[in-house]
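All remarks here apply to the structure that follows.
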Amino acid sequence: MVTAAASHRCNSGISISDAIFGNIRQPKPPPSLPPPSRYGSQKRRDWNTFGQYLKNHRPPLTLSRCSGANVLEFLRYLDQVGKTKVHATTCPFFGHPHPPGPCPCPLKQAWGSLDALVGRLRAAFEENGGLPETNPFGARAVRLYLREVRDSQAKARGIVYEKKKRKKPRVSQHQRMNTSSNNVVECSISAQNGLHGHGYSFDPSKGLVMVGSSDARCSAIPACLS
């Protein structure tokens, strides 16, 4: 029976020694996909949460019939689990960034959290087959609501939301030298086009273009260095 089993395994492409002694190599498992990023995981959780909200809506809503108004309802619904104290205008701590004591003002979602949430859901909507022109998370009403929340919370909490300034790309010394060289070449070409019948040369140590005329006279003009 061992011989028969070995013959069967041999016919299947396994060597006799491996068949007898059981030294059969297991196939390598397929390479595993890299784990999703933190942003991707959060986006998927947010999308599932919004889908559950649509199912629990009365009457139930489908994604194709979802509008900007439904997105606003969802954002206000999330205030139930907010953690940011937003002072009312009648609160003595209104506009105080660090209130010295407790107050009965409600907890809401911070503007920064809502803004990031809408951005993730807007991307998830299009990744799941939605069209950009029908994206409810990009509706004008949603943008105006986020702006209103930002301004009202800034006044109530006594803070200022500033837009992050984009850092200008640094120009390396090598790039500056290349730019200067290009300017010199352009200047030399211009000199050539404007000084017919004259010879010229560039002196890099002095930053001058030496121009010689047909009567052996020579003059110097500054080069176009930046």
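What follows draws every value from the coordinates through simple rules; no lab data is involved. Note that the coordinates shown come from a computational prediction; the quantities given were computed from them, not determined experimentally. Neighbour counts run over all protein chains shown; Cβ positions are idealised from the backbone, glycine included.
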* Give, as a single signed number, the net charge of other residues whose beta carbon lies under 12 Å from the beta carbon of A139, with Lys and Arg counted +1 and Asp and Glu -1. => +2
* T90 to Y39: FRET efficiency via 1/(1 + (r/R0)^6), r the Cβ-Cβ distance, R0 45 Å, to the nearest 0.05? -> 0.70
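Contour minus end-to-end for R65 and R140, with contour as 0.36 nm per residue of separation and end-to-end as the Cα-Cα distance?
On the way: separation 75, 0.36 × 75 = 27.00 nm, distance 1.69 nm.
Residue separation times 0.36 nm, minus the Cα-Cα distance, leaves 25.3 nm.
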* Can you list residues whose amide H is under 5 Å from K85's amide H, if they're 5+ apart or on another chain and H is modeled 1.01 Å from N? -> K108
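All other residues with a Cβ under 13 Å from the Cβ of G130 taken together, and with Lys, Arg as +1 and Asp, Glu as -1, what is their net charge? Kindly include the intermediate steps, with their values, before the conclusion.
On the way: positive: R65, R122; negative: E126, E127, E133.
Summing Lys/Arg as +1 and Asp/Glu as -1 gives -1.
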* For the modelled label position 7 Å from the Cα of L131 along Cα-to-Cβ, which residues of the stretch 51-89 have backbone nitrogen atoms closer than 17 Å? -> 63-68
* Fraction in percent of alpha-carbon pairs per bin - 10 Å, the stretch 36-172 -> 10, 35, 30, 19, 5, 1, 0
* Among the listed pairs K55/K108; K85/K155; K55/K83, which are separated by more than 21 Å between their Cα atoms? -> K55/K108; K55/K83
* Structure fact -> Once T49 and H98 are pulled to full extension, the length gained, defined as 0.36 nm per residue separation minus their Cα-Cα distance, is 14.4 nm
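Under 15 Å from the Cβ of S37, count the other residues' Cβ atoms, weight Lys and Arg +1, Asp and Glu -1, and hand me the total.
Details: positive: R38, K43, R44, R45, R120; negative: D46, E127.
Summing Lys/Arg as +1 and Asp/Glu as -1 gives +3.
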